[in-house]
Every structure is written in structure tokens, then in C-alpha cells.
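Enquirer: The following block contains the structure, expressed as C-alpha cells.
The values are calculated or read from the model by the stated rules, or taken from the named source; none is laboratory data. Not measured: the values here are computed from a predicted model. So basically every Cβ, Gly included, is an ideal-geometry build from the backbone, and we count neighbours across all protein chains shown. Remember, those area values only see protein heavy atoms, side chains included, never the ligands or the DNA or RNA. Shrake-Rupley method; radii C 1.70, N 1.55, O 1.52, S 1.80 Å.
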Amino acid sequence: MSTTSSSTSTAAITDKFAVVETIYRYAAGLDLRDKELLSSAFTDDAVADFGPATKKAGQEYPPVEGRETIAAALLASLGHLDTTHSVSNPRVSLDGDRASLEAIVACQHLPREDHSRHVLMTNRYDVELVRSGDVWLIQHVTVDNAWTQGDPTVLAGI
């Protein structure tokens, strides 16, 4: 293996890990209710489209635009819930300073005042990212629901 091939491979691995780290920041920001951490995953002009997933849960949630607006909207709509978001099966495609990420995110939602009720949604995330210095940021994310288990009324009011 040539040095050029080896260094390119190492750079691609590093970039792929950094792309996946972005979705981890997003998930941790949601679960920790940390607006700064959640915001750090998005570009200033990002678009988040949860419509396909929420529609299957009987809710309407229009696309949200802008880093701060996305973070505020998500934290407000999930504010009455305790959540865990577990990311699995990430697949990353790189194209220079752009990347695509497909992942499965299992999202557990429990009313903060009543953990006897819950809804588990397993969602497919399709994410477009851009490099910004040493980090990758979400420019566009679309979330679609693969399946749901539990009490969907837990999501009332999102």
C-alpha cells in the first residue's frame, strides 16, 4: 500500500467518524436538554424535516429552519418528556466537504411525570452534512418512522 493511499484512507476514516460524531452530538443534546450541544450539530441555515415520522404518529410537524430555531423547537416540543436516542447502523458517504449519513435512531419517549407510559419509535435518519473547519454540521435532516411500539398519545402536544 502506498503512503498516499494509506493517508487518504486514514483521512476518510477520520471524516467518517467525525460525521457520525455529529449525530451523536445531536442525540445527546436532545436527551440532556442541552441547547448549546444540540445547536452545535447544525449549520446556521439547516433544515430539519420530522414530518414523515410525526405524520405516522398522528402529529403534524412542519420542517424547521435555522440552527437556533431547530434547537429551540425540538427542546420545547420534547420538554415534557424524558428521552433516550440511540444511534445505530450509521453509513457515511463522503464527497469532499460534503457527506451523507444514513442511520437508525431508536427514540424512547416517556412523560416526565409518568414513566409507566412510553412510546418507542425507531426512525430512519437521512442526513446531509457539510464540513466546517474540523467539524461536520447537519445541513438537512429528514426523519421517517420505521416502526412504533407503545402509547403514541405520549407524543400529544409535540
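Enquirer: Just give me the residues in segment 107-139 being among the aliphatic types (A, V, I, L, M) and open to solvent by 30 Å² or more (accessible area, probe 1.4 Å), in sequence order.
Expert: Those that are among the aliphatic types (A, V, I, L, M) and open to solvent by 30 Å² or more (accessible area, probe 1.4 Å): L110, L120, V135.
Enquirer: Out of the residues in segment 64-106 that are touching a Ser or Thr at 6+ places or on another chain (Cβ under 9 Å) and of a type in the set (D, E, K, R), state the one that is surrounded by the most Cβ atoms within 10 Å (Cβ to Cβ).
Expert: Filtering segment 64-106 for residues that are touching a Ser or Thr at 6+ places or on another chain (Cβ under 9 Å) and of a type in the set (D, E, K, R), the one surrounded by the most Cβ atoms within 10 Å (Cβ to Cβ) comes out as R67.
Enquirer: I'd like the full set of residues that are open to solvent by 20 Å² or more (accessible area, probe 1.4 Å), more than 15 Å from A27 (Cα to Cα) and not small (G, A, S), limited to segment 140-158.
Expert: Hits for segment 140-158 are H140, D144, W147, T148, Q149, D151, P152, T153, I158.
Enquirer: Another question, then. Starting from segment 53-75, keep only residues that are on the phi > 0 side of the Ramachandran plot, then list their pairs with residues that are part of a helix (DSSP H, G or I) and surrounded by fewer than 16 Cβ atoms within 10 Å (Cβ to Cβ) whose Cβ atoms are within a distance under 8 Å, requiring at least 6 positions of separation or different chains.
Expert: Pairs found: G58/P152.
Enquirer: Scanning for something under 16 Å from R33 (Cβ atoms) and in contact (Cβ under 8 Å) with a residue 60 or more places away in the chain, does segment 93-105 turn up at least one residue?
Expert: Looking for residues that are under 16 Å from R33 (Cβ atoms) and in contact (Cβ under 8 Å) with a residue 60 or more places away in the chain, one finds none in segment 93-105, hence no.
Enquirer: Tell me, which residue of segment 22-42 that is acidic (D, E) and open to solvent by less than 70 Å² (accessible area, probe 1.4 Å) is farthest from the chain's Cα centre (by Cα)?
Expert: Among residues in segment 22-42 that are acidic (D, E) and open to solvent by less than 70 Å² (accessible area, probe 1.4 Å), the one farthest from the chain's Cα centre (by Cα) is D34.
Enquirer: Kindly check whether there is at least one residue in segment 131-145 that is in contact with a His (Cβ under 9 Å, 6 or more places away or on another chain), more than 22 Å from S9 (Cα to Cα) and modelled with pLDDT of 95 or more.
Expert: For segment 131-145, residues in contact with a His (Cβ under 9 Å, 6 or more places away or on another chain), more than 22 Å from S9 (Cα to Cα) and modelled with pLDDT of 95 or more: absent.
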